[in-house]
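Read through the structure below, which is laid out as structure tokens, and then see the notes.
The values are calculated or read from the model by the stated rules, or taken from the named source; none is laboratory data. Just so you know, these numbers come straight off a predicted model, no measurement behind them. All Cβ positions, even for glycine, are placed from backbone atoms using ideal geometry, and neighbour counts span all protein chains on display. We work out accessible area using only protein heavy atoms, side chains counted, and drop any ligands, DNA or RNA first. Shrake-Rupley method; radii C 1.70, N 1.55, O 1.52, S 1.80 Å.
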Amino acid sequence: MRESAWLLVACIAAVIAGVLPSTSAPAVTVIDARSATAVSAAHLPAGSVLTVDAVPSVSLERVFEYDDSRYARGRGMSDRFANGLPIHLKAALAYRGIDARIGRVDADGLRQVLSGAAQGVCVIVPGGILPGTVRTKGRDAMRSFLMRGGTVIWAGAPFDLFYSTRGVDGTSTPVSAADPTAWPQLYSSSGPLDAHDRVDSPPLHHGTIEAPLDRATGLTYDATTFDVDARRLGAIGGAPLAYIDSVDDSSVSQLPIGRGRVVIFGDAFADEMDAAREIAQVVATGAWFAPRDVRVVASLDSSRIRASIDVPRGHHVFAFGEAPFYFPFGY
């Protein structure tokens, strides 16, 4: 009995040792002063790089993931994804020093969110197909939400090009094409999006060219399945945030719409953990809000572990390590 007790204690100690960070784990310290902000790194492995950004000091107060299995869910969606994303995103944002209220809404809840206050509110549509409660050929509650200052993070299908009606008694949920004329700046012949993109079995594409902002965002998402032309995106005030492919399509794109903004991922996410990491990085670096105001102010490594930075008014420092986990963080 005594031997069993000692064995149990030893197992618990081993687990705790594996969970708690060691004294030699990489770490970042950020100290704000009147004249400058000091950033220092400790225990960085050789070859590891820490990126330090000056980030606009804005925040998202509430984040809602939309999912409703009574409607078409879109590419990459499942119960596991829908249930897991809010949990993983909450943790990924907390690691980056952001405390946001995160929830999940069905089709009826989405209608309430999109009709309510928009400032500081973000809606994630990871499957890329809106329900008929908010989108039909003649109605688009999301557009009004964006125009009033809301934020939308979109993935899994061409932006706002399809919607779904509710299935009845276990029948399949029909997907219908929406009217893209609600977005003349986006879907016109000179706009960055392609109204001919399809949602069923599209040919897959990937970007390999780093966009100018990729160093500041650290994003690794590279799918460009659904067209977002990077050059035309820039012409209407948007910006590519990650990668660009051989025909100039962007894998992650930000564009302002009215008083709001939308971040478009070029296809579905690999899984809920990948989605959480990428979305959290977009939020923490400020790329969701004003990507052209985000800039790298320092890079630290094992040979340069300290920097003194003049941070512009209305900005703060955010430091992160290398993908895919971006550890350690400093803010």
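On a per residue basis, the chain carries 47 Å² of accessible surface, using protein heavy atoms and a 1.4 Å probe.
The sum of -39500 (n - 2.57) across all DSSP H runs of n ≥ 4, divided by the residue count of the chain, sets its helix-only mean residue ellipticity at 222 nm to -7000 deg cm²/dmol. Computed over the range 34-151, relative contact order equals 32 percent, with contacts defined as Cα pairs under 8 Å that lie 6+ residues apart. Modelled label positions at residue 292 and residue 29, each set 7 Å beyond Cα in the direction of Cβ, lie 3.9 nm from each other.
Note on the range 55-210: with charges restricted to the Cβ of Lys and Arg (+1) and Asp and Glu (-1), its dipole about the Cα centre is near 280 debye. Magnitude of the charge dipole for the range 150-309, about its Cα centre and with charges confined to Cβ atoms of Lys, Arg (+1) and Asp, Glu (-1), is about 820 debye. Building the convex hull from the alpha-carbon atoms of the range 154-275 and averaging its projection over directions returns 8.7 nm². Over the range 206-287, Cα pairs under 8 Å with separation of 6+ residues give a relative contact order of 31 percent.
Placing dummy labels 7 Å off each Cα toward the beta-carbon, the span from residue 49 to residue 259 is 4.0 nm. Using Cα extents along the principal axes in Å as the read-out, say which of [x] 66, 48, 39; [y] 64, 60, 38; [z] 68, 42, 36 was calculated from these coordinates. The value matching this structure is [y]. Here, the range 26-149 has an Rg and a Dmax of 19.1, 58 Å when only alpha carbons are counted.
Cα centroids of the range 231-299 and the range 53-112: 17 Å apart.
Note on the range 21-106: with neighbouring protein chains present and a 1.4 Å probe, carbon and sulfur make up 52 percent of its accessible heavy-atom surface.
Among the trypsin sites (Lys or Arg not before Pro) in the range 63-152, those placed in a DSSP loop whose Cβ has at most 13 other Cβ atoms within 10 Å are 137. Placing dummy labels 7 Å off each Cα toward the beta-carbon, the span from residue 206 to residue 165 is 3.9 nm.
Among the protein heavy atoms of the range 140-283, carbon and sulfur supply 52% of the accessible surface, probe 1.4 Å, non-protein parts ignored. Are there DSSP H segments in the chain that both extend 24 Å or more along their axis (alpha-carbon positions) and score a mean Kyte-Doolittle hydropathy of at least 0.0? List them, or say none. The qualifying helices are 2-19, 79-95. The mean sequence separation of alpha-carbon pairs under 8 Å and at least six residues apart, normalised by the residue count of the chain, gives a relative contact order of 26 percent. Within the range 70-111, the ratio Rg/Rh, alpha carbon atoms throughout and Rh by Kirkwood, equals 1.04. Only the Cβ atoms of Lys and Arg (+1) and of Asp and Glu (-1) were treated as charged; on that basis the dipole of the chain about its Cα centre amounts to roughly 960 debye. For the chain, a Gaussian network of Cα nodes joined below 10 Å ranks 180, 256, 45 by mean-square fluctuation, and the top entry is 45.
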